[in-house]
Amino acid sequence: MKRRKVAVSACLLGELCRYDGQSKSDAAVMSAFKNDEIIPFCPEAPVLGTPRERICVIEKGDQRIVIGEESGEDFTPAIMAQVDLLVLNHPDLDAIVLKSKSPSCGLGTTPIYDENQKVIGFGDGIAAQRLKEIYPNIVITDELNLKEIEC
Ligand code: SF4
């Protein structure tokens, strides 16, 4: 079988890039793609460092942005720039595996807040949302739904 090029949320690969300085190492993900070319991807750590304040997705009018839970700072453009960098360097991805529930990487599992910090539902993280727009023809899934990719 052809060696695929798969971008994976770096914390699933054991990188200590989560907001709390930990990883979310996932043996099933690493095993599923052991014969593929893996591109680690973390859109938050290069912007905010590690450890860092938590961020959350806020629905503001018809837009979704990410802000720091303590600072209130809008990190949306900087995180989007990290997505653009991934796309620039790897326009030929075959699949993407993201970390569930993350404000950047979550796929339908990320809590969405209103401007008063109340949860109004669950949706995509902002990086995931952008990746789905840019790569409409490849499988984009999370570690909870690996069966969507033929491993
Ligand atoms: S979920 Fe995404 S943004 Fe958060 S640590 Fe993992 S790779 Fe980085």
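The values are calculated or read from the model by the stated rules, or taken from the named source; none is laboratory data. All values reported here derive from a predicted model rather than from experimental measurement. Please note: Cβ atoms are built from the backbone with ideal geometry, for glycine as well, and neighbour counts cover all protein chains shown.
Residue-by-condition table, conditions (1) in a loop (DSSP other than H, G, I, E, B); (2) among the charged types (D, E, K, R); (3) closer than 14 Å to ILE58 by Cα; (4) at pLDDT 95 or above:
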position: ARG130; (1), (2), (3), (4): no, yes, no, yes
position: PRO136; (1), (2), (3), (4): yes, no, no, yes
position: ILE140; (1), (2), (3), (4): no, no, no, yes
position: ASN145; (1), (2), (3), (4): no, no, no, yes
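Look at the range 112-126: where a residue is surrounded by 11 or more Cβ atoms within 10 Å (Cβ to Cβ) and a partner is hydroxyl-bearing (Ser, Thr, Tyr) and in a loop (DSSP other than H, G, I, E, B), sitting 6+ places away or on another chain with Cβ atoms under 9 Å, you get PHE122/THR109; GLY123/THR109; ASP124/THR109; GLY125/SER102; GLY125/SER104; GLY125/THR109; ILE126/SER104. Of the residues making up the range 94-121, those that are more than 15 Å from the ligand (Cβ to nearest atom) and at pLDDT 95 or above are ASP94, ALA95, ILE112, TYR113, ASP114, LYS118, VAL119, ILE120, GLY121. Please determine, by comparing only the residues of the range 14-54 that are within 15 Å of the ligand (Cβ to nearest atom) and of a type in the set (Asp, Glu), which one is surrounded by the fewest Cβ atoms within 10 Å (Cβ to Cβ). Once the filter is applied, the top-ranked residue is ASP20.
Would you confirm whether any residue within the range 55-63 is surrounded by 19 or more Cβ atoms within 10 Å (Cβ to Cβ) and over 15 Å from the mean Cα position of the chain (by Cα)? Step through it out loud before you land on a result.
Filtering the range 55-63 down to residues surrounded by 19 or more Cβ atoms within 10 Å (Cβ to Cβ) leaves 55, 57-58.
Restricting the remaining residues to those that are over 15 Å from the mean Cα position of the chain (by Cα) gives 58.
Yes, because at least one residue in the range 55-63 is surrounded by 19 or more Cβ atoms within 10 Å (Cβ to Cβ) and over 15 Å from the mean Cα position of the chain (by Cα).
Within the range 102-128, restricting attention to residues that are touching a strand residue (DSSP E or B) at 6+ places or on another chain (Cβ under 7 Å) and in a helix (DSSP H, G or I), the residue that is farthest from PHE41 (Cα to Cα) is ILE126. Look at (1) under 26 Å from LEU146 (Cβ atoms); (2) crowded, with 19+ Cβ neighbours inside 10 Å and you find that ASP94 fails only one, number (2).
Would you point out the residue of the range 1-37, among those that are within 12 Å of the chain's Cα centre (by Cα) and assigned to a strand (DSSP E or B), that is nearest to SER102 (Cα to Cα)? By that ranking, first place goes to SER9. Any residue in the range 74-86 that is more than 21 Å from TYR135 (Cα to Cα), more than 9 Å from the ligand (Cβ to nearest atom) and modelled with pLDDT of 95 or more? Scanning the range 74-86, I find at least one residue that is more than 21 Å from TYR135 (Cα to Cα), more than 9 Å from the ligand (Cβ to nearest atom) and modelled with pLDDT of 95 or more, so the answer is yes.
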